[in-house]
Amino acid sequence: MQNPLKPRSGDRSSVEKEDRQSGPPPVSWDDYFMLIALVTSLRSKDPNTKTGAVVVDSMNHIVGTGYNGFVGGSDESYFSWESNGEWLETKHAYVVHAEVNAILNSTTHALAGCHLYTTLFPCNECAKVISQKKIIEVIYLSAKNFDHETRIAARSIFEASRITTRQISMPPLEEFADWVISRMVL
């Protein structure tokens, strides 16, 4: 079975030659980190939007992961996962986004030069934190709400801060799962 996760233009990884190993090259770094962001998003209790993020340093080491959720250690019964209604009655007033959680949960305070992989293009509040920490690139999967004012503001923050952004795509989950299973040694 062919690798459904083929290297793409702009991928941070170099393609490894097949003559150095038996079989096809490994999953690209972009796909690897985005898959980890996707798995991390499954920790979110949000019934509508599960978002995951991974902060990666220049050596391709993961230094932080996060998902969207209420403030850690709080009694979650005080809050609602509703997204519509009066602002104070919705999740929007109380949820910490995946990108901020990944930064707050990082193993280092020095994130300058790091890359952030996120399953959803960041909002303006996350963009402020990303920019403040001197992260140099945001790689995202979904552009949901890309034309919303919070995403427009985020793009302005990234442009003013010279933070590059790029969207990547992933193959259908079934295709990827079949490929993984075909490579497993059981």
(request) Return the only residue of 108, 119 being within 30 Å of residue 76 (Cα to Cα), in contact (Cβ under 8 Å) with a residue 40 or more places away in the chain and in contact with a Ser or Thr (Cβ under 6 Å, 6 or more places away or on another chain). (result) 119
(request) Please state which of the following conditions residue 159 fails to meet, knowing it meets all the rest: (1) out of contact with any helix residue (DSSP H, G or I) (no Cβ under 6 Å at 6 or more places or on another chain); (2) open to solvent by less than 40 Å² (accessible area, probe 1.4 Å); (3) over 18 Å from residue 92 (Cβ atoms). (result) (2)
(request) Identify the residue in region 62-92 that is farther than 14 Å from residue 47 by Cα and among the β-branched types (Val, Ile, Thr) and, among all such residues, is modelled with the lowest pLDDT. (result) 71
(request) Just one of (1) more than 12 Å from the chain's Cα centre (by Cα); (2) open to solvent by 80 Å² or more (accessible area, probe 1.4 Å); (3) not hydroxyl-bearing (Ser, Thr, Tyr) trips up residue 167, so point out which. (result) (1)
(request) Could you list all residues from region 142-186 that are closer than 22 Å to residue 103 by Cα, assigned to a loop (DSSP other than H, G, I, E, B) and touching a Lys or Arg at 6+ places or on another chain (Cβ under 7 Å)? (result) 168
(request) From 139, 135, grab the single residue that is under 21 Å from residue 55 (Cα atoms), in a strand (DSSP E or B), modelled with pLDDT of 90 or more and touching a strand residue (DSSP E or B) at 6+ places or on another chain (Cβ under 6 Å). (result) 139
(message) Criterion first (open to solvent by less than 70 Å² (accessible area, probe 1.4 Å), at pLDDT 85 or above and hydrophobic (A, V, I, L, M, F, W, C)) does residue 177 satisfy it?
(response) no
(request) Would you tally the residues in region 1-34 being assigned to a loop (DSSP other than H, G, I, E, B), at pLDDT 55 or above and open to solvent by 70 Å² or more (accessible area, probe 1.4 Å)? (result) 1
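Say we look at region 126-155 and pick out the residues that are of a type in the set (S, T, N, Q) and open to solvent by 70 Å² or more (accessible area, probe 1.4 Å); which of these is nearest to residue 168 (Cα to Cα)? Write out each step before concluding.
Restricting attention to region 126-155, the residues satisfying the condition of being of a type in the set (S, T, N, Q) are 131-132, 142, 145, 150.
Cutting the leftovers down to open to solvent by 70 Å² or more (accessible area, probe 1.4 Å) gives us 132, 145.
Details: 132: 24, 145: 16 Å.
The qualifying residue nearest to residue 168 (Cα to Cα) is 145.
The values are calculated or read from the model by the stated rules, or taken from the named source; none is laboratory data. Since the structure is predicted, the reported quantities are computational estimates derived from the model, not experimental observations. Ideal geometry is used to build each Cβ from the backbone, glycine not excepted, and the neighbour counts take in all protein chains shown. Ligands, DNA and RNA are stripped out before the accessible areas are found, and what is left, the full protein with its side chains, is counted by its heavy atoms. Shrake-Rupley method; radii C 1.70, N 1.55, O 1.52, S 1.80 Å.
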